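Visitor: One structure coming up, written as structure tokens, with questions to follow.
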Amino acid sequence: MKKLLLATAIAALSVSAANAAPTIYGKGFLTLDLNTGDVDTTTTTYNIDGSVDTVVKSSEDADGRSQLNSNASRIGLKGSEALTANTDLLYQLEYGIDIDAGDRFVDAAGGGRMEKSDQFYSRDTYLGVKNAQYGTLLAGRLTAIDDYVNFANVTQGGVLGGDAVLASFDGPRTNNTFNYFTPSINGMQFMAMYAMDEDNGTDTLGRDAFGLGGKYETGPMNVGATYIQAGDFKVARVSGNYAINPAITLGALYQNTDFDSDDNENAFTISGEMATATPWTAYAQGDFVNNVGGADDAEAFRAVVGGKYAINKATTGHLYGAYLSSESTVTATRVKVENEFDGFGLGGGIEYKF
């Protein structure tokens, strides 16, 4: 009888340990990137009567050195624990790692010193509850829900302008946040978020914020929309993609951002991906932003082309190139400064997931 009880206890402990064991996962993504460009500046001064006094034009190289970049490299723990037959406790601890650098050399003019870097910085970290009937509620440091409605971005690595759409507001991680997701029913899912205003230096958006959204995912076609507001700051997004055949998928995104200024930012993205008969997948993306950051006459345009090579299930090779052009105007009393940037970038690297 004692042997039977002992065997039962060991079996129960084994099951409990198996349920509680977290999954260790991560990604290492290193690229070698080279960006080059120039900045043209036009400074115009005016007389008291508004007529032009002087116009001075200058040009400056904005060539960068080649860089080894770590791109969203991370390590994390995640898992779940059954609370009832229909409810699970969820947890995730995910941290970013810059695998190309650690401490950095600063203050060279003053003799120099090594400054500690912020390795293992928090990405999405949370506790949550998932119910089969009522959905999932997460609490912690979370990605804003607009990131779940981005069916257009195909950029990768250390590409010029960043591996995201060019919109000024794009899926930031917010502290002290609750995210809620309904169960997906026939591909339809709704979501909501609330970021608390704790007034203690950790408020990501400067105050409390809320968001609502929904998406419809069927495989060949995916569409969605979100709305996020933090006081007078408001951002609305719509995005979708469609697989016109098994090899080609086209995507698009539009976002309107109100910075509580006279001019709203309007961001557009179109993209396409094409699988080939080889391990290569080719992609292209175009981004255009008007009134960048809510500033009048500030514009940005980018074109990206690239390819991904599936070495095996866990390892992917990357090659890409980009052109970026941006314009901005700063006006003060009797002075106007116009800046124009034109640049090109090339890069490539390797990504490993585990």
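The values are calculated or read from the model by the stated rules, or taken from the named source; none is laboratory data. None of the values given here were measured: they were computed from a predicted structure. Cβ atoms come from the backbone with ideal geometry, glycine included; neighbour counts cover every protein chain shown. Protein only, heavy atoms only, side chains kept; ligands, DNA and RNA dropped before computing areas. Shrake-Rupley method; radii C 1.70, N 1.55, O 1.52, S 1.80 Å.
Visitor: Take the alpha carbon gyration tensor of the stretch 46-103, find the square roots of its eigenvalues, order them as a ≥ b ≥ c, and report rounded if a/c is under 1.5; if not, report prolate when a/b exceeds b/c, else oblate.
Guide: Judged from the Cα gyration tensor, the stretch 46-103 comes out oblate (a/c at least 1.5, b/c at or above a/b).
Visitor: Now for a separate question. Quick one: Karplus J couplings for the stretch 216-226, per residue in order, coefficients 6.51, -1.76, 1.60, θ = phi - 60°, nearest Hz, x for Gly and Pro?
Guide: Karplus-based 3J(HN,Hα) across the stretch 216-226 equals 10, 10, 10, x, x, 10, 9, 9, x, 8, 9 Hz.
Visitor: If Lys and Arg each add +1 and Asp and Glu each add -1, what is the summed charge of the other residues whose beta carbon sits under 13 Å from the beta carbon of L212?
Guide: With Lys, Arg at +1 and Asp, Glu at -1, the net is +2.
Visitor: What angle do you read, to the nearest 10 degrees and between 0 and 90, between the alpha-carbon axis of helix 2-20 and the longest principal axis of the chain?
Guide: 10 degrees
Visitor: Per residue, how big is the convex hull of the stretch 197-248 when only Cα atoms are used? Give it in Å³. Don't skip to the end; give the middle numbers.
Guide: On the way: hull volume 5.0 nm³, N = 52.
It is 97 Å³ per residue.
Visitor: Let me ask another. Can you tell me the dipole magnitude for the stretch 52-202 around its Cα centre, using point charges on the Cβ only (Lys, Arg +1; Asp, Glu -1), in Debye to the nearest 20? Can you show the working numbers first?
Guide: Values: 11 positive and 21 negative charges, 96 e Å.
Here the size comes out at about 460 debye.
Visitor: In debye, nearest 20: dipole of the chain around its Cα centre with unit charges on the Cβ of K, R (+) and D, E (-)?
Guide: Charge dipole, the chain, about its Cα centre: 2400 debye, nearest 20.
Visitor: Where Lys and Arg each count +1 and Asp and Glu each count -1, what net charge lies around A167 among other residues with Cβ under 10 Å from its Cβ?
Guide: In short, -3.
Visitor: I would also like to ask the following. Let's see if you can work this out: charge +1 on each Lys and Arg Cβ, -1 on each Asp and Glu Cβ, no other charges. What is the dipole magnitude of the stretch 276-349 about its Cα centre, in debye to the nearest 20?
Guide: That gives a dipole near 460 debye.
Visitor: Pick out, from A21, S66, T42, the residue whose Cα sits farthest towards the positive end of the charge dipole of the stretch 20-179, with +1 on the Cβ of Lys and Arg and -1 on the Cβ of Asp and Glu.
Guide: The one lying farthest along the dipole's positive direction is A21.
Visitor: Still on this structure: Please list, or write none, the aspartates and glutamates whose alpha carbon is within less than 15 Å of the alpha carbon of K78, excluding same-chain residues fewer than 8 places away.
Guide: Of all the aspartates and glutamates, those that pass the test against K78 - Cα under 15 Å, at least 8 places apart if same chain - are D88, E94, D124.
Visitor: Of K234/K313; K130/K215; K57/K234; K234/K353, which ones are farther than 29 Å apart at the Cα?
Guide: K234/K313; K57/K234; K234/K353
Visitor: Which one of N245, G171, G211 has its Cα pushed farthest toward the positive end of the charge dipole of the chain, where Lys and Arg give +1 and Asp and Glu give -1 at the Cβ?
Guide: Result: N245, furthest along the dipole toward the positive end.
Visitor: Now, a different point. Please give the length that would be gained between L90 and R173 if that part of the chain were fully extended, namely 0.36 nm times their separation in residues minus their C-alpha to C-alpha distance (nm, one decimal). Can you show the working numbers first?
Guide: Details: separation 83, 0.36 × 83 = 29.88 nm, distance 1.86 nm.
Extra length from L90 to R173 when fully extended: 28.0 nm.
Visitor: With equal scatterers on the alpha carbons only and no solvent term, can you work out the Debye log10 of I(q)/I(0) for the stretch 292-354 at 0.13, 0.28, 0.29 1/Å?
Guide: Debye curve over Cα of the stretch 292-354, log10 I(q)/I(0) at q = 0.13, 0.28, 0.29 Å⁻¹: -0.56, -1.10, -1.13.
Visitor: Give me the percent of the accessible area of the stretch 122-175 that comes from carbon and sulfur atoms, probe 1.4 Å, all protein chains in place.
Guide: Working: 960 of 2000 Å².
C and S fraction of accessible area: 48 percent.
Visitor: Mind checking which of I228, L319, V289 is farthest towards the positive end of the chain's charge dipole, using Cβ charges of +1 (Lys, Arg) and -1 (Asp, Glu) about the Cα centre?
Guide: In the chain, that residue is L319.
Visitor: Treating cross-link reach as a plain straight distance, find the aspartates and glutamates whose alpha-carbon is under 12 Å from the alpha-carbon of K308, omitting any fewer than eight places away in the same chain.
Guide: E273, E351
Visitor: Solvent-accessible area per residue for the chain at a 1.4 Å probe radius, Å²?
Guide: On a per-residue basis, the chain sits at 55 Å².
Visitor: Let me ask something else about it. Less than 14 Å Cβ to Cβ from A322, Lys/Arg counted +1 and Asp/Glu -1: what total charge do the surrounding residues give?
Guide: Values: positive: R302; negative: D33, D163, D287, D342.
After counting each charged neighbour, the total is -3.
Visitor: Using only the alpha-carbon atoms, what does the stretch 197-354 span along each of its principal axes? Please give whole angstrom values in decreasing order.
Guide: In descending order, the Cα extents are 59, 37, 33 Å.
Visitor: While we're on this one: Within the chain, which is the longest segment that contains none of the trypsin sites (Lys or Arg not before Pro) sitting in a DSSP loop with at most 15 other Cβ atoms within 10 Å?
Guide: Longest site-free region, per DSSP loop and neighbour criteria: 208-312.
Visitor: Tell me, what % of the accessible area of the stretch 202-354 is carbon and sulfur with a 1.4 angstrom probe?
Guide: After summing per-atom areas, the C and S share lands at 61 percent.
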